[in-house]
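Enquirer: What follows is a structure written as structure tokens; I'll ask about it next.
The values are calculated or read from the model by the stated rules, or taken from the named source; none is laboratory data. Here the structure is a predicted model, which is why all the values come from computation and not from measurement. For neighbour counting, all protein chains shown are included, and Cβ atoms are generated from backbone atoms with ideal geometry for every residue, glycine included. Just the protein is used for accessible areas: all its heavy atoms, side chains included, with ligands, DNA and RNA removed. Shrake-Rupley method; radii C 1.70, N 1.55, O 1.52, S 1.80 Å.
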Amino acid sequence: MTDAKELALAREHPRGTERRRLLPYRAALNDLAAYAALGESERDVIVRWAETRRRIKAEHGIDHDPANLADPLLPAEGLRAHVLAGERLAARRSDFIDPGGDLVVVVADLRRS
């Protein structure tokens, strides 16, 4: 679960926080096979950030702004879709359908099944 401190930091500095969280995983964010090849703890970092992005978008309207070319955020929906596709690949499950909601819970369910 995403804690209040992480949400506050993400809300105040979304682009810098995203860069710090995701830059080490750049290849995995551009290639599903690279994502699926990551260890579970590394994928968890991406999953938690994607959930943080979902929450700051839903609660504060902060998301990708196509007009901000200098320091863009990844679109929250695209990040979620990529994470789920990578998790499906890692779990070898093509039949899992995203029920929406908390991505951490959704990914845990996908991994368990």
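Enquirer: Hey, any hits in the range 47-58 for a residue that's over 17 Å from residue 104 (Cα atoms) and among the hydrophobic types (A, V, I, L, M, F, W, C)?
Expert: Going residue by residue through the range 47-58, those that are over 17 Å from residue 104 (Cα atoms) are none.
The answer is no; no qualifying residue exists.
Enquirer: Looking only at the range 18-50, count every residue that is open to solvent by less than 40 Å² (accessible area, probe 1.4 Å), without any contact (Cβ under 8 Å) to a residue 12 or more places away in the chain and part of a helix (DSSP H, G or I) and tell me the total.
Expert: Residues in the range 18-50 being open to solvent by less than 40 Å² (accessible area, probe 1.4 Å), without any contact (Cβ under 8 Å) to a residue 12 or more places away in the chain and part of a helix (DSSP H, G or I): 1 in total.
Enquirer: So which residues in the range 57-78 are assigned to a loop (DSSP other than H, G, I, E, B) and either open to solvent by less than 90 Å² (accessible area, probe 1.4 Å) or at positive phi (or both), if there are any at all?
Expert: Within the range 57-78, the subset assigned to a loop (DSSP other than H, G, I, E, B) is 61-75.
If the condition is that a residue be assigned to a loop (DSSP other than H, G, I, E, B) and either open to solvent by less than 90 Å² (accessible area, probe 1.4 Å) or at positive phi (or both), then 61, 62, 63, 64, 65, 67, 68, 71, 72, 73, 74, 75 are the ones that fit.
Enquirer: Additional query: Is there a residue in the range 91-107 that is assigned to a helix (DSSP H, G or I), charged (D, E, K, R) and surrounded by 13 or more Cβ atoms within 10 Å (Cβ to Cβ)? Quick ask: steps written out before the conclusion?
Expert: Start the filter on the range 91-107 by keeping residues that are assigned to a helix (DSSP H, G or I), which leaves 91, 103-107.
If we keep only those that are charged (D, E, K, R) too, we end up with none.
No, the range 91-107 contains no residue that is assigned to a helix (DSSP H, G or I), charged (D, E, K, R) and surrounded by 13 or more Cβ atoms within 10 Å (Cβ to Cβ).
Enquirer: Which pairs turn up if I take residues in the range 57-71 that are under 17 Å from residue 9 (Cα atoms) and of a type in the set (Asp, Glu) and look for partners that are assigned to a loop (DSSP other than H, G, I, E, B) and open to solvent by less than 100 Å² (accessible area, probe 1.4 Å) with beta carbon separation below 8 Å, at least 6 apart in sequence or on another chain?
Expert: 63/73; 63/75
Enquirer: Of all residues being in contact with a helix residue (DSSP H, G or I) (Cβ under 8 Å, 6 or more places away or on another chain) and in contact (Cβ under 8 Å) with a residue 24 or more places away in the chain in the range 1-16, which is surrounded by the most Cβ atoms within 10 Å (Cβ to Cβ)? Just the residue, please. Write out each step before concluding.
Expert: Here is the first cut: in the range 1-16, the residues in contact with a helix residue (DSSP H, G or I) (Cβ under 8 Å, 6 or more places away or on another chain) are 1-2, 6-7, 9-11, 14.
Subsequent filtering for residues that are in contact (Cβ under 8 Å) with a residue 24 or more places away in the chain retains 1-2, 6-7, 10-11, 14.
Numbers: 1: 8, 2: 19, 6: 17, 7: 16, 10: 22, 11: 15, 14: 20.
In this case the residue turns out to be 10.
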